[in-house]
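In what follows, a structure is listed as structure tokens, so that the remarks can point back to it.
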Amino acid sequence: MSYQAPSDSATLASARPKPPEKAGTWKDFIAVTKPGIIRSNLIAAFAGFWMASRWDIHFGLMIMTLLGTVLVMASSCVFNNYFDRDLDMKMARTSDRSLPTGRLTPTVVLWYAITLGIVGLAVLFIFSGVLSGIFGLVGMFGYVVVYTLWLKRSSTWSTSIGAIPGAMPPVIGYVAVTQTVDMGAWLLFALLFLWQPPHFWALGIRRVEEYRAAGFPLLPVVKGIQRTKIQMIPYIALLVPLPILMYVYGYAGIFFLVISLLLSVVWLYLAFKGFRAKDDEAWSKKMFFFSINYLTISLFVLVLNTLQ
């Protein structure tokens, strides 16, 4: 479903490029890689590698796999910043980024993205194996081409389809060890895939007017907040059996089963509470921060409670 951006005073910030405030620094080059996204996905890649290793860690392989994954993710995020620079100018949350302010030029950022991607994929293919390289390539293509260039600007399906490349990091880490796609890889993929839509929709509800003004056809903008709350439920509900499956198939122990299952049930409870929420912004803020803690704690306990 297509969605047209408003062109009146609802726009939060001018789409006209700002004159450079100052020359870009090393901090700007780090910022365009979206360190927050890289950090969370690096933890996921590490958890996937650790789970597959079952405490028998090949540290050289682990370092190269994490390095390649970081570079590929960084490249994808820099491409995202490059292609979204016009839309970033329209949102208060993103208007101070390096490209909208002119601290970095589009040409420099484009070559930065290309270089990071080439090096990252080379590291994965050479050191981590063909499967890791393929999943890295799938993640890059999905995030840059399918999500950023196509669905993000045209469809409410952007969040759900965009969750596919977002779920690649733990799979990359896992197959670097196993060199095969088995049940463990699918369970890790499911964990990250199912987590992303409700996490991002919670942010979308909080910032719904900014996304509306910028012209993003995000679900709460196009279909409304109530519909978004309904659509969150199946994703979170499907997270509930995942720790059970990881326990049954022998990937994680009882502590992961109990803690991750409890977190999933609490998150589902918070999601249902949203239907009675009087303040959608306050509720979505709780949902957003709980989702961050859910993933961080689940992955941390998974690493500590991986079975040998």
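A few remarks follow.
- Test: residue in region 110-121 that is surrounded by 21 or more Cβ atoms within 10 Å (Cβ to Cβ) and over 21 Å from the mean Cα position of the chain (by Cα): no
- Of all residues in region 34-58, those satisfying the criterion of being of a type in the set (S, T, N, Q) and at pLDDT below 95 are Ser40, Asn41.
- Considering each residue of region 85-102 in turn, at least one proves to be surrounded by fewer than 22 Cβ atoms within 10 Å (Cβ to Cβ), in contact (Cβ under 8 Å) with a residue 60 or more places away in the chain, farther than 23 Å from Gly162 by Cβ and of a type in the set (Gly, Ala, Ser).
- Region 142-156 - residue that is free of Cβ contacts under 8 Å to residues at least 24 places away in the same chain and farther than 25 Å from Leu67 by Cα and, of those, most open to solvent (accessible area, probe 1.4 Å): Trp150
- Scope region 219-241; condition open to solvent by 10 Å² or more (accessible area, probe 1.4 Å) and closer than 22 Å to Leu192 by Cα; matching residues: Ile230, Gln231, Ile233, Pro234, Tyr235, Ala237, Leu238, Val240, Pro241
- So Ser284, is it at pLDDT 95 or above and touching a His at 6+ places or on another chain (Cβ under 7 Å): no
- The criterion of at least 1 residues that are touching a Lys or Arg at 6+ places or on another chain (Cβ under 6 Å) and within 27 Å of Ile161 (Cβ to Cβ) is met, among helices (runs of 4 or more DSSP H) falling completely within region 232-308, by 280-304.
- Residue within region 36-49 that is in contact (Cβ under 8 Å) with a residue 60 or more places away in the chain and either more than 22 Å from Gly184 (Cβ to Cβ) or touching a Lys or Arg at 6+ places or on another chain (Cβ under 8 Å) (or both) present: no
- Looking across region 247-271, the residues that are out of contact with any Ser or Thr (no Cβ under 8 Å at 6 or more places or on another chain), closer than 16 Å to Ala47 by Cα and surrounded by 16 or more Cβ atoms within 10 Å (Cβ to Cβ) come down to Tyr247, Leu257.
- Residue that is nearest to Leu263 (Cα to Cα) [pool: residues in region 160-208 that are open to solvent by less than 10 Å² (accessible area, probe 1.4 Å) and hydroxyl-bearing (Ser, Thr, Tyr)]: Ser160
- As a summary of the residue check, Phe125 satisfies the conditions (1) open to solvent by 40 Å² or more (accessible area, probe 1.4 Å); (2) within 18 Å of the chain's Cα centre (by Cα) except for the one numbered (2).
The values are calculated or read from the model by the stated rules, or taken from the named source; none is laboratory data. Just so it is clear, the model here is predicted, and its values are computed rather than measured. Every residue, glycine among them, receives a Cβ derived from its backbone with ideal geometry; neighbour counts consider all protein chains shown. Quick note on the areas: whole protein, heavy atoms, side chains included, nothing else; ligands and nucleic acids left out. Shrake-Rupley method; radii C 1.70, N 1.55, O 1.52, S 1.80 Å.
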